[in-house]
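Bear in mind these aren't lab numbers, they're just calculated from the coordinates by the rules spelled out. Quick caveat, the model's predicted, so the values are computed rather than measured. Quick reminder, even Gly has a Cβ in these numbers, built from the backbone with ideal geometry, and neighbours come from all protein chains shown.
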Amino acid sequence: MRLKLGRPDLSAYRTRADLPAASSASPLTVTWAGVTTLLVDDGDAALLTDGFFSRPSLLTVATRPLVSSRPRIDAALGRLGVRRLEAVLPVHTHYDHAMDSAVVAQLTGARLIGGTSAAHVGRGHGLDRVEVVTPGTAVPAGPFDITLVEGSHCPPDRFPGTITEPVTPPARASAYRCGEAWSTLVHHRPTDRRLLIVGSAGFVPGALAGHRADVVYLGVGQLGLQPTGYLVEYWRQTVGTVGARRVVLIHWDDFFRPLDRPVRALPFATDDLDATMRVLSRLAADDGVALHLPTLWTRADPWS
């Protein structure tokens with residue numbers, strides 16, 4: 001925690017909220033629903049990362065065991081127009097990613113796909129459709145191939161380690177240990193469109209070598225607190241390695257705030273989006289990569 005007060009002013013980045021909107025002709029769309037929750041949808045089949053919709057307050061997280069909010073989950077799925085999903089994919093298993101994943105999977109008939117920690121979250125909810133992947137091996141899910149590549153959590157990781165037993169709610173935030181942190185590659189076979197989702201602003205050197213993606217949704221939570229060299233290497237190991245031409249920044253929003261209120265950035269005490277934007281804007285310009293911030297609930301066509 002830092003003593004700097006306040007939070008970044010998002011109006012300073014209004015021109016970055018220019019991601020191409022989806023049209024009725026878009027064969028594949030991506031919709032951001034806060035933090036690293038992304039709906040990838042081709043109109044007939046869809047998958048979802050995380051599905052974190054409950055967003056309990058800071059006071060609740062600090063003082064009480066956590067339980068998913070069905071009203072907030074139902075409202076978010078309704079806003080997204082989701083009834084069925086092929087898969088729910090936690091990017092790692094901290095509570096602000098995975099606490100609702102099993103509930104969303106149950107409600108949508110989805111498989112919960114991830115590592116052993118995600119499986120323990122699912123089994124704690126009595127979920128049957130749980131699949132533990134082999135890292136780097138493609139898993140089919142409807143028209144998608146999903147490849148989970150080993151990643152790392154951005155330092156500091158406040159709840160490190162793996163989850164070794166089922167997490168049955170109500171459960172403290174500390175029960176949701178990080179587990180496996182994934183770089184998630186999504187290949188839509190009918191269009192050959194490829195997407196990389198990096199949920200945590202961390203990396204394993206060389207892990208993404210040999211993979212490619214047209215678009216990267218790049219997690220930047222806590223990135224603004226790192227030295228400049230870390231940001232440069234993070235960009236190189238993710239965006240540079242897969243050869244993306246468009247990057248959308250995620251995991252910068254204040255996730256203690258419910259989704260029915262206007263989105264705002266995390267406070268300077270926990271992150272510095274301004275510092276992140278200064279460095280990544282320069283790197284994107286140098287590499288000729290389009291850099292965007294997403295708009296909540298808006299269907300985008302980042303391949304357009």
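Only bridges whose two residues both fall in the chain count here: according to DSSP, what percent of them are antiparallel, nearest 5?
Numbers: 28 of 48 bridges.
Of those bridges, close to 60 percent are antiparallel.
In the set [x] 119; [y] 176; [z] 139, the label that goes with volume of the Cα convex hull per residue in Å³ computed for this structure is [x]. Classify the range 154-304 as rounded, prolate or oblate, taking a ≥ b ≥ c as the square roots of the eigenvalues of its Cα gyration tensor: rounded when a/c is under 1.5, otherwise prolate if a/b is larger than b/c and oblate if not. Verdict is rounded for the range 154-304. Here the sum of -39500 (n - 2.57) over DSSP H runs of 4 or more residues, divided by the residues of the chain, equals -5500 deg cm²/dmol at 222 nm, to the nearest 500.
Projected label points at residue 12 and residue 232, each 7 Å from Cα along the beta carbon direction, are separated by 2.2 nanometres. Only beta bridges with both residues in the range 16-101 are counted; by DSSP, about 70 percent of them are antiparallel. DSSP beta bridges in the range 165-304, what fraction antiparallel, as a percent rounded to 5? Given both bridge residues lie in the range 165-304, the antiparallel proportion sits at roughly 35 percent. For the range 53-69, putting each phi into the Karplus relation 6.51 cos²θ - 1.76 cosθ + 1.60 with θ = phi - 60° gives couplings of 10, 5, 6, x, 5, 4, 4, 4, 4, 6, 10, 9, x, 9, 9, 5, 9 Hz, in residue order, rounded to whole numbers and with x for Gly and Pro.
Taking the Cα centre of the range 1-142 as origin and assigning +1 to Lys and Arg Cβ atoms and -1 to Asp and Glu Cβ atoms, the resulting dipole is close to 600 debye. The charge dipole of the chain, taken about its Cα centre with unit charges on the Cβ of Lys, Arg, Asp and Glu (plus for the first two, minus for the last two), comes to roughly 580 debye.
In this rough spin-label picture, where each label sits 7 Å from Cα along the Cβ direction, the residue 145-residue 44 distance is 1.8 nm. From least to most packed, judged by other beta carbons within 10 angstrom and beginning with the fewest, 182, 32 follow the order 32, 182. For the range 9-128, rounded, prolate or oblate, judged on the Cα gyration tensor with a ≥ b ≥ c (square roots of eigenvalues), a/c < 1.5 rounded, else prolate if a/b > b/c? Oblate, since a/c reaches 1.5 and b/c is not below a/b. Taking the chain as a Gaussian network of alpha-carbon nodes connected by springs under 10 Å, the highest mean-square fluctuation of the residues 264, 64, 236 belongs to 64.
Sort 87-93, 215-221 by the packing proxy (mean of other Cβ within 10 Å over each peptide's residues), most packed first. Please list the in-between numbers first.
Numbers: 87-93: 30.1, 215-221: 26.6.
Packing order, densest peptide first, comes out as 87-93, 215-221.
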